[in-house]
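Trainee: Input: one structure, supplied below.
Coordinate-derived values only; no laboratory data. All values derive from a computational prediction rather than experimental measurement. Using ideal geometry, Cβ is built from the backbone for each residue, glycine included, and neighbour counts are taken over all protein chains shown.
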Amino acid sequence: MDDTWEIINSLARHLDSHSPLPAGEERWVLQALKLQEECGEVAEAVIGALALNPRKGHSHSWDDVRKEACDVAVSALVLLSRMGGDPRWFFEEHLQALRRRDLPGQ
């Protein structure tokens, strides 16, 4: 996972270098909205995988759902990176807190 954070941080720098918004909270809000958009694409893919939209039918596969879920994860990690500090440390600390809370004894 060493390359993961290098890629995430590079994506964040790339987005920041092309953003017309001033650095800071406005960019964070935009990235949070992007995260929400990606969540909507997961929902759309699930509906398509289950063929629940009669107009579109079976429009997606479960692999499409997986890809969209990856986009959600990447967007969330890019948000952490764009917010500054040490996103890897913050994420790892949060993950450990979840483990202590939800997986006691592990």
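Trainee: Relative contact order for the chain: what is it in percent, counting Cα pairs under 8 Å that are at least 6 residues apart?
Mentor: For the chain, the relative contact order is 30 percent.
Trainee: So which residue, out of Leu30, Leu21, Leu11, gets the largest mean-square fluctuation from a GNM of the chain using Cα contacts under 10 Å as springs?
Mentor: With Cα springs under 10 Å in the chain, the top fluctuation among Leu30, Leu21, Leu11 is at Leu21.
Trainee: In whole Å, what three semi-axes, largest first, describe the equivalent ellipsoid of the stretch 1-62 built from its Cα gyration tensor (square root of 5 times each eigenvalue)?
Mentor: Values for the stretch 1-62, descending: 32, 16, 8 Å.
Trainee: When Lys and Arg each count +1 and Asp and Glu each count -1, what net charge do the other residues less than 13 Å away from Glu41, Cβ to Cβ, add up to?
Mentor: Surrounding charge for Glu41 is -3.
Trainee: What label, among (1) -0.64, -1.07, -1.34; (2) -0.84, -1.06, -1.17; (3) -0.68, -1.17, -1.44, belongs to log10 I(q)/I(0) by the Debye sum over Cα atoms at q = 0.16, 0.21, 0.24 Å⁻¹ computed from the structure on display?
Mentor: Identified label for the calculated read-out: (2).
Trainee: What dipole magnitude, in Debye to the nearest 20, does the chain give about its Cα centre under +1 on Lys/Arg Cβ and -1 on Asp/Glu Cβ?
Mentor: Charge dipole, the chain, about its Cα centre: 240 debye, nearest 20.
Trainee: Still on this structure, please answer the following. Angle check, please: helix 87-102 long axis (alpha carbons) against the longest principal axis of the chain (alpha carbons), in degrees 0 to 90, nearest 10.
Mentor: Once rounded, the angle reads 70 degrees.
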